[in-house]
């Protein structure tokens with residue numbers, strides 16, 4: 001009688017997240033993921049057409065779970081600026097833990113199926129940025145992109161300097177949020 005495994009897809013995603021994190025995208029194969037998930041390789045293909053699709057879905061699932069937890073930790077009574085700072089600090093921590101996977105994703109993204117993860121992150125940032133008055137209407141997407149790129153560049157250029165990098169992010173954010181009258185004056 002075949003062995004019944006509950007939550008197979010969840011176990012596959014969990015195993016994939018762990019193994020992609022441990023070994024990287026290129027050094028991970030479906031056989032290892034199946035073994036870690038306690039299922040057959042064929043079962044993986046019932047849910048995902050390819051390793052590429054599984055990689056994107058595991059990144060998306062892992063990232064969105066962490067972002068959702070981060071958003072729940074942000075106090076709704078805080079100002080939009082405080083929410084944004086807390087969100088950026090949390091996002092920095094998430095990206096720092098997964099920097100190698102983010103870089104592999106960015107390198108491979110043109111050939112990977114599915115949703116663009118940067119767009120998901122930008123959308124979350126844009127929601128917060130849209131609450132901030134000094135940002136001119138229509139510039140939220142550019143500001144979100146700028147903040148995301150800054151995090152990635154600082155993680156590679158200044159590794160292990162999280163406190164200084166976050167202080168710079170706050171400095172950059174203060175410049176971004178400076179009253180328009182002051183800039184125009």
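Tell me which residues, restricted to the stretch 116-138, are in contact with a helix residue (DSSP H, G or I) (Cβ under 9 Å, 6 or more places away or on another chain) and assigned to a helix (DSSP H, G or I). Passing the criteria: 117, 118, 120, 121, 122, 123, 124, 125, 126, 127, 128, 129.
Residues in the stretch 44-67 that are part of a helix (DSSP H, G or I) and free of Cβ contacts under 8 Å to residues at least 40 places away in the same chain were compared, and the one that is surrounded by the most Cβ atoms within 10 Å (Cβ to Cβ) is 44.
Between 87, 20, the distinction of being more than 30 Å from residue 167 (Cα to Cα), in a helix (DSSP H, G or I) and touching a helix residue (DSSP H, G or I) at 6+ places or on another chain (Cβ under 9 Å) belongs to 20 only. Among the residues of this structure, residue 54 does not count as one that is touching a helix residue (DSSP H, G or I) at 6+ places or on another chain (Cβ under 9 Å) and under 26 Å from residue 164 (Cα atoms).
Across the stretch 21-36, the number of residues qualifying as in contact (Cβ under 8 Å) with a residue 40 or more places away in the chain and crowded, with 16+ Cβ neighbours inside 10 Å comes to 2.
Just a yes or no: is a residue in the stretch 139-151 loosely packed, with under 13 Cβ neighbours inside 10 Å, under 25 Å from residue 23 (Cβ atoms) and in contact (Cβ under 8 Å) with a residue 24 or more places away in the chain? Within the stretch 139-151, none of the residues are loosely packed, with under 13 Cβ neighbours inside 10 Å, under 25 Å from residue 23 (Cβ atoms) and in contact (Cβ under 8 Å) with a residue 24 or more places away in the chain. Look at (1) exposed (fewer than 15 other Cβ atoms within 10 Å of the Cβ); (2) in contact with a helix residue (DSSP H, G or I) (Cβ under 7 Å, 6 or more places away or on another chain); (3) not assigned by TED's automatic domain parsing to the domain that holds residue 132 and you find that residue 113 fails only one, number (3).
The values are calculated or read from the model by the stated rules, or taken from the named source; none is laboratory data. Keep in mind it's a predicted model, so treat the numbers as computed, not measured. Every residue, glycine as well, gets a Cβ built from its backbone with ideal geometry; the counts of neighbours run over all protein chains shown.
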